[in-house]
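For reference, the structure is listed below as structure tokens.
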Amino acid sequence: MNFVMIFRVAIRAIFRNKTRSLLTCLGIIVGIAAVIAVMAIGQGAQTMMVKEISSMGNNLMMVFPERRNHGAVSGGMGQGQNMTAADAEAVKRELPHLVQGVSPQVRTSVQMMYGAKNWSGNVQGVSTDILFISNWNIQDGRFFTEEEQKRSARVCVVGTTVKANLFDDEDPVGKTIRLKNMTFKVVGVLASKGANNWGQDQDDVLMAPYTSVQRYLQRSKFNNINMMNLSLVTMDDLEEAKREVGALLRQRHHLADYQDDDFETRDTTELMNTIGSVSSLMTVLLTAVAAISLLVGGIGIMNIMLVSVTERIKEIGLRMAIGATPANILMQFLLEAVVLSTVGGAVGVVVGIAGAEIIGATKGWPILIQIPSTVAAFFFSSVVGMFFGFYPAWRASKLNPIDCLRYE
């Protein structure tokens, strides 16, 4: 018997017992479908988080003043009064080989008013570098200039949320709004960024020159800033940048060797590392789920194939009597197991992809189907069939044809 004939015999045997064949495939189908669906959802979520973190800025590093404590209560980062815009200017001036953009930042919440409408929102005082540092784009109008920043001009740009709540469909560019008791001219509208990973609306913002915010809105006797945004030339120099920025700030703040830093640094690599750790854990868990699912499916194939061998003992004896060799019998039953597991793997892939797409469309979750992982899962399902189908096939090939023909 040649391979093609053995294959045709195996296929006919599978279709003779459709229900049993379906039950044999069921374990593989469920296992492969579950793994592909969960991996697609997990990879989509990871890609979305990485994209959102990247949208926070180009090679972003942030420097905060020391925490200001009130008794035993911490005031949080950015509440100290020891960091000024002059520190940011010094970093940009002294470290151009490491830093390509620096923006001081001051924050305050004010009531914004235009005509009869008002909106309580977040005002950020920044420099012109913030567009590049934080990956912001201008949708309408323009951003304020360095000259406007130097003379503390009362100009601003608004996010799309602020625009929607104050202006409706009216073009805000060129209009004047009131912040506290001061008037500011809107010169531009920021492109939408949406919500970040923490659910915060990034478009609910108004940006103005930090000099203007300090002078007209904060009116503080201190010239302090809440944070410093830095865009590094490359993240490969992150550790060197931390050391040199730290050394420069310690020198400017006149800190002795025995004194602790009066600032703290943060960067997006910390968030990326956290995502990487969670992703690695998820990969391990998914691998375990896949292994258990395929093990159960493989055991199911082996048990069904053993039952099939027992039911078809006379058929095996008859085939041997008319010339089939033990190798032919082994090949026939092994092919049956491989076909069942391969078909189960193919159906599982289709069901897994369809399930992931349905869940993604229903829940609004991002879905990412990875072709290499899908192909690997399909290939592995065939290997499972070959592995667990070998023992029943081997037992069938070792049967004595005379005993088989006498079997009742």
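The values are calculated or read from the model by the stated rules, or taken from the named source; none is laboratory data. Fair warning: this is a prediction, and the values are worked out from it, not measured in the lab. Note: ideal-geometry Cβ built from the backbone for every residue, glycine included; neighbour counts use all protein chains shown.
For the reader, a short list of remarks on this structure follows.
- Residue count for segment 308-324 under the criterion of being loosely packed, with under 14 Cβ neighbours inside 10 Å and without any contact (Cβ under 8 Å) to a residue 40 or more places away in the chain: the result is 3.
- Screening Gly298 with (1) assigned by TED's automatic domain parsing to the domain that holds Phe378; (2) loosely packed, with under 15 Cβ neighbours inside 10 Å; (3) over 27 Å from the mean Cα position of the chain (by Cα) gives one miss only, at (2).
- The single condition among (1) over 30 Å from Glu94 (Cα atoms); (2) outside any loop (DSSP other than H, G, I, E, B) that Ala324 does not satisfy is (2).
- Looking across Ala354, Ala337, Ala377, one residue alone is of a type in the set (A, V, I, L, M, F, W, C), free of Cβ contacts under 8 Å to residues at least 40 places away in the same chain and closer than 27 Å to Val38 by Cα. It is Ala354.
- Residues that are in a helix (DSSP H, G or I) and of a type outside the set (A, V, I, L, M, F, W, C), drawn from segment 224-258: Asp236, Asp237, Glu239, Glu240, Lys242, Arg243, Glu244, Gly246, Arg250, Gln251, Arg252
- In segment 121-130, residue surrounded by the most Cβ atoms within 10 Å (Cβ to Cβ) [restricted to those that are modelled with pLDDT of 90 or more and not in a loop (DSSP other than H, G, I, E, B)]: Gly125
- Reported count of residues in segment 135-167, each being under 35 Å from the mean Cα position of the chain (by Cα), among the polar types (S, T, N, Q) and not in a helix (DSSP H, G or I), is 3.
- All positions within segment 391-408 that are surrounded by 17 or more Cβ atoms within 10 Å (Cβ to Cβ) and under 47 Å from the mean Cα position of the chain (by Cα): Pro392, Ala393
- Across segment 123-168, the number of residues qualifying as of a type in the set (Asp, Glu) and at positive phi comes to 1.
- One residue from Ser277, Ser382, Ser341, Ser293 being small (Gly, Ala, Ser), assigned by TED's automatic domain parsing to the domain that holds Gln46 and closer than 30 Å to Asn59 by Cβ: Ser277
- Restricting attention to segment 215-234, the residues that are at pLDDT below 80 and either farther than 18 Å from Lys180 by Cβ or crowded, with 20+ Cβ neighbours inside 10 Å (or both) total 2.
- Residues that are surrounded by 17 or more Cβ atoms within 10 Å (Cβ to Cβ) and among the aliphatic types (A, V, I, L, M) within segment 93-120 comprise Leu95, Leu98, Val99, Val102, Val106, Val110, Met112, listed in sequence order.
- Among the candidates Ala354, Ala337, the residue that is aliphatic (A, V, I, L, M), assigned to a helix (DSSP H, G or I) and either surrounded by fewer than 17 Cβ atoms within 10 Å (Cβ to Cβ) or within 36 Å of the chain's Cα centre (by Cα) (or both) is uniquely Ala354.
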